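Everything on this sheet refers to the single structure shown next.
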Amino acid sequence: MTRPLNPFGLALSALLALAATLCSAGGALAGEAACWFEGGVVVVGAEVMGVAGDYILDTATPHTQLADSQAQTAGFTETALVGEVRLAGITVEARPVSVAVLDLRTGALPTPVAGVIGADVLRGYVVDVSFAPCRVALRPAGQAPALRGRTTALPIAWVAGRPVVAAAVADGPRAFAGAFAPATGGDRALRISDAYARAPGPPKARLKELYPYGVLQPRLRAFSFAGRLSENLRAGLVAAEDPALAGEIGAPLLAQWRLRFDFPAGKLILAPARVSSSPRRSPREEESPRKRAPALAPRPSNRCADPPP
């Protein structure tokens, strides 16, 4: 598609190209960008289809999206676009971009969000994500520096256009292991596919509040991931999309580590998070005795996915 003529587009693009090659005031290098960890999601400056702004970086969203309001302002009329995505000094050309209504997803964030950078743009690179301070880096295969400290490497498989890793959930006697998508743009510590779990208690009319953007925050008894057990997590449901996809691991849980998505090598590498002066909630969350949240339980069935290879 041909984008409508913008008399300021050339000058703006030139400025953005220059800025991408320089160090920012916050110390981000070329190939690296400062980000924000707000509302439980990672937000980073980027440009999609020539629209510069703040974008959610989500490794569990299969396709890159441009908010409909931003698309209309830029003069796009179609909902399926193809063009450039620019992030952290990297330009990815001829990428499919869908125009989507993102009001529910972005409404709780303190700043306007122009769209979502998805796994389709990221999967050709080594992607580093640090939460405190928040930094995102994209590098070609074999060019990322070694991570410091003791690391844990997990094999990555792909399900429904998302990277997935092995993890397990339990609620007393019921448990299953499956393939979960690490979601840097997921605002809940954990969401489980509704093909695998249920939340006893809420009336049917309120079940929708267990899903993304809902207000209910059920608790999950235990979650095992990368050799670490987290208990009493704030969790939720996500609509079943693929029988092999058990759910997603959100940024509030992933923030315990520095993440390296080495997509070319098929590995997720976890390194100890840097010490930050700002307090961070522990994954072992204590439940208030004054207000008990509903529990989230795995379904008592045999529909359990094997861990990805």
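The values are calculated or read from the model by the stated rules, or taken from the named source; none is laboratory data. In this text, all values refer to a predicted model and were calculated from it rather than measured experimentally. A quick note on method: Cβ atoms are made from the backbone with ideal geometry, for glycine too, and the neighbour counts reach across all protein chains shown. SASA here: full protein model, heavy atoms, side chains in, ligands and nucleic acids out. Shrake-Rupley method; radii C 1.70, N 1.55, O 1.52, S 1.80 Å.
Filtering segment 135-156 down to residues that are within 16 Å of the chain's Cα centre (by Cα) and open to solvent by less than 40 Å² (accessible area, probe 1.4 Å), which residue is farthest from residue 44 (Cα to Cα)? It would help to see each step written out before you state the result.
Taking segment 135-156 as the starting set, the residues that turn out to be within 16 Å of the chain's Cα centre (by Cα) are 135-138, 156.
Next, from what is left, pick out any that are open to solvent by less than 40 Å² (accessible area, probe 1.4 Å): 136-138, 156.
On the way: 136: 8, 137: 11, 138: 12, 156: 24 Å.
Looking at the filtered set, the residue picked out is 156.
Looking for something in contact with a Pro (Cβ under 9 Å, 6 or more places away or on another chain) and farther than 25 Å from residue 181 by Cβ - is there at least one such residue anywhere in segment 112-120? Looking through segment 112-120, none of the residues is in contact with a Pro (Cβ under 9 Å, 6 or more places away or on another chain) and farther than 25 Å from residue 181 by Cβ. Note on segment 195-228: residues that are of a type outside the set (A, V, I, L, M, F, W, C), open to solvent by less than 40 Å² (accessible area, probe 1.4 Å) and farther than 23 Å from residue 103 by Cα amount to 4.
Anything in segment 249-276 that is in a strand (DSSP E or B) and either touching a helix residue (DSSP H, G or I) at 6+ places or on another chain (Cβ under 9 Å) or more than 17 Å from residue 35 (Cα to Cα) (or both)? List them, or say none.
249, 261, 262, 267, 268, 269, 270, 271, 272
Looking at this structure, is residue 182 assigned to a loop (DSSP other than H, G, I, E, B) and in contact (Cβ under 8 Å) with a residue 12 or more places away in the chain? No.
For first residues located in segment 206-222 and within 22 Å of residue 61 (Cα to Cα), partners that are polar (S, T, N, Q) and lie 6+ apart or on another chain with Cβ distances below 8 Å do not occur.
Residues that are among the aliphatic types (A, V, I, L, M), within 17 Å of the chain's Cα centre (by Cα), part of a loop (DSSP other than H, G, I, E, B) and closer than 29 Å to residue 266 by Cα occur in segment 84-91; there is at least one.
Are any of the residues in segment 31-39 surrounded by fewer than 23 Cβ atoms within 10 Å (Cβ to Cβ), modelled with pLDDT of 95 or more, touching a helix residue (DSSP H, G or I) at 6+ places or on another chain (Cβ under 6 Å) and closer than 19 Å to residue 186 by Cβ? Checking segment 31-39: not a single residue is surrounded by fewer than 23 Cβ atoms within 10 Å (Cβ to Cβ), modelled with pLDDT of 95 or more, touching a helix residue (DSSP H, G or I) at 6+ places or on another chain (Cβ under 6 Å) and closer than 19 Å to residue 186 by Cβ. Checked against the criteria, residue 175 does not count as of a type in the set (A, V, I, L, M, F, W, C), surrounded by fewer than 19 Cβ atoms within 10 Å (Cβ to Cβ) and either in contact with a Lys or Arg (Cβ under 7 Å, 6 or more places away or on another chain) or assigned to a loop (DSSP other than H, G, I, E, B) (or both). If you go through segment 56-72 and keep only what is out of contact with any strand residue (DSSP E or B) (no Cβ under 8 Å at 6 or more places or on another chain) and either part of a loop (DSSP other than H, G, I, E, B) or open to solvent by 70 Å² or more (accessible area, probe 1.4 Å) (or both), you end up with just 72.
The single residue among 124, 118, 83, 53 that is open to solvent by 40 Å² or more (accessible area, probe 1.4 Å) and either closer than 26 Å to residue 165 by Cα or in contact (Cβ under 8 Å) with a residue 40 or more places away in the chain (or both) turns out to be 124.
Screening segment 96-115 for residues that are within 14 Å of residue 54 (Cα to Cα) and of a type in the set (Ser, Thr, Tyr) and picking the one that is least open to solvent (accessible area, probe 1.4 Å) gives 106.
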